[in-house]
Structure formats: C-alpha cells, structure tokens
Amino acid sequence: MTTSTVAGRRPLIAANWKMNLDHLQAIAFVQKLAWSLKDAKLDYGTVEVAIFPPFTDLRSVQTLIAADKLPLRFGAQDVSAHESGAYTGEIAASFLKALDCEYVIIGHSERRTLHDESDEEIATKVAAAIGHGLIPVLCVGETAEDLEKHGPSAVPVAQLKAALAAVKPGADIVVAYEPVWAIGSGQAATPAQAEQVAAQLRVTLSELLGADSAAATRILYGGSVKASNIAGFMREPNVDGALVGGASLDLTEFSSIVQFQKHVGT
Ligand code: PGA
C-alpha cells in the first residue's frame, strides 16, 4: 500500500498522448491496454488509470469503454474558457461532458508556451470545467530559468494560486506538478524534488481551499516518467500519481507504469 492510499487518495496514472494516435490507433491501444492490465490482474481499486487522447479520438474511446465496460477513465487535453459562440476551433466544457469525459487537462506547459495561455485564461478554463462537472487536471511547473532565479516552488505555487482564485472548497480537482525542464527531456526530477514541490502545493491548497480539500486532492508528478523511475515518485507521501507523456504511447511501458505497486517496495 502506498502512502497516498493510506491518506485516502487513490493514485492516478494519467496518459497525456498529446498530438499522437488517431481514433483508429486509439481504439487499438485502449483495447490492448485493457487486456494487458486484465492479464496482469490489476486491482483498479488501488490505482485509477486515465487516458487523455486528442479531441478527435474522444468519441471512439467513449464508445469502446462503454461497450466493453472497461475500467478506464478518460478526458481531454484542453477546453475552451467560453461557454459557446464564435470561437472557431475551440471545444466547450459542455461538449466534453456530453462525451462522458471525466477529466480535462488545463494549463499544460505546451499550452502556456505555444498558445500564450495566461494564468487568467487558465483560471477561467478551470471554472468552466468545474461548472460542467469535469475534473480539471491543472498543470503547474517552473522552467529551468525560473528554478535558477526563484527556486523550485515559487512559480508552481503562484500558478496554483492564480488558477484556483475562483474555486470553492470541496471542488474536485487534480494538480499535476510538471517542471518544464523535465518534460520530454529524459531528465526527470528526483523523487525528493517532486516531493518538495508537491508538499508546498498541498500547503497552498490548504490555504486556498481548507485542510480537508488539501488532504483529498491528488497531486501528480509529470516529466519524463518511465517504468524505471515511477516507483521512486510513488513512494513520496505527497505524490499521488503521474501524468505521463512520451512513455504513455508505449503499451508495455505504460502498462508497467500503471503497475507501479509491483515495484514500489523494491
Ligand atoms: P513526458 O511528458 O512524460 O514526455 O515528459 C509529460 C507531459 O508533458 O505531460
């Protein structure tokens, strides 16, 4: 049993596919993943597994999971801050809810950097998601430059405060700490670094939403997570799972990450 399970937080292993795998590839992948985890007799009571495919895959993934009653969750990689209207190319939270999405990633560093998403826009997206019954997976994290200038926690904590400005205690959210320097670089944070920031984020959650919400909220680590390093992160008391990018596209690797409990004691 991991420390987070003891604290009552069910670990979450999330696959952020980014712009990879079309809907046909998604169907094949999700089917194989479910078989592989069934073969391994995964106890889903001890770990939640969620897939975040591109928007165009969502309907196929929804249909497959519902038809085969697969114990997998899914969500989108982004959401519009707006309800509806003249926003060409955007996807409303209500549309995601209508597809049975449970989660939505918000504020990923690639959105912040490549699409200039501001803290204010991210806060509006978080509110839109919660307003429609979606659970935001809010990403925060510092760049290498921020780390040098401000230390490890300052930027993620400031991003968290900005994003949750309008969120009320008791709201169901997930926070993903993803140091930008660790994303896709092959250079993951150390478990101690991840724990230090996760602990700080939990203190901030407590200030913003109260002790109960802070204790119930899952904080994930993301950035070059692999089967070979997941156990180290999961041993930390404030790390409740992982947001996995590159390694989530490799079935064997991802399946092994999901089964972290097999190697967490080693
Ligand atoms: P990575 O990506 O696992 O490829 O580093 C993580 C992410 O961007 O969510």
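The values are calculated or read from the model by the stated rules, or taken from the named source; none is laboratory data. It should be emphasised that the depicted structure is a prediction, and the values quoted were computed from it without experimental measurement. Every residue, glycine among them, receives a Cβ derived from its backbone with ideal geometry; neighbour counts consider all protein chains shown. What goes into the accessible areas is simple: the full protein's heavy atoms, side chains included, and nothing from ligands, DNA or RNA. Shrake-Rupley method; radii C 1.70, N 1.55, O 1.52, S 1.80 Å.
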**OP:** With no solvent and one equal point scatterer per Cα, compute the Debye intensity ratio I(q)/I(0) for the range 27-127 at 0.11, 0.17, 0.21 Å⁻¹ and report its log10, rounded to two decimals.
**Re:** -0.40, -0.83, -1.08
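Starting from the alpha-carbon convex hull of the range 221-265, give the projected area averaged over all orientations, in nm².
Numbers: hull surface 11.0 nm².
Averaging across all directions leaves 2.7 nm² for the Cα convex hull.
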**OP:** Just the Kirkwood number for the range 189-256, please: inverse of mean 1/r across all distinct Cα pairs, in Å, one decimal.
**Re:** 12.6 Å
Subject >> Charge dipole (debye, nearest 20) of the range 111-253; +1 at Cβ of Lys and Arg, -1 at Cβ of Asp and Glu >> reply: 240 debye
Original post:
Using a 1.4 Å probe, what is the accessible area per residue for the range 90-200, in Å²?
Top reply: 43 Å²
Original post:
Counting only protein heavy atoms and using a 1.4 Å probe, what share of the accessible area of the chain belongs to carbon plus sulfur, as a whole percent?
Top reply: 55 percent
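With only Lys, Arg, Asp and Glu charged, each at its Cβ (+1 for the first two, -1 for the last two), find how big the charge dipole of the chain is about the Cα centre; round to the nearest 20 debye. Don't jump to the answer; show the numbers that get you there.
Details: 21 positive and 30 negative charges, 163 e Å.
Dipole magnitude for the chain comes out near 780 debye.
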Subject >> Shape box of the range 129-223 [Cα atoms, principal axes, largest first, Å] >> reply: 35, 23, 21
Subject >> Projected label distance in nm at Ala86 and Arg235, using a 7 Å step from Cα toward the beta-carbon >> reply: 5.8 nm
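Which whole-number percentage describes the relative contact order of the range 165-266, with Cα contacts under 8 Å and a sequence gap of 6 or more? Walk me through the numbers before you get to the answer.
Working: 158 pairs, mean separation 30.5, N = 102.
After rounding, I find 30 percent.
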**OP:** Return the lysines within reach of Lys125: Cα separation strictly under 22 angstrom, same-chain partners fewer than 8 residues apart disregarded; answer none if there are no such residues.
**Re:** Lys18, Lys97, Lys161, Lys168
Subject >> Cα Rg, Dmax (largest Cα-Cα span) when computed across the chain, Å >> reply: 17.2, 54
Original post:
For the range 1-69, what relative contact order do you get, as a whole percent, if you take Cα pairs closer than 8 Å and at least 6 residues apart?
Top reply: 49 percent
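Count neighbours as other Cβ atoms within 10 Å of each site's Cβ, and list the chymotrypsin sites (Phe, Trp or Tyr not before Pro) in the range 1-101 that are DSSP loop with at most 10 such neighbours. Let's see the in-between values first.
Working: sites: Trp17, Phe29, Trp35, Tyr44, Phe55, Phe74, Tyr87, Phe95; in loops: Trp17, Tyr44, Tyr87.
The qualifying sites: there are none.
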Original post:
Regarding the range 78-167, what are the three Cα extents along the principal axes, ordered largest first, in Å?
Top reply: 43, 24, 19
Subject >> Relative contact order, percent, the range 1-137 [alpha-carbon distance under 8 Å, six or more residues apart] >> reply: 21 percent
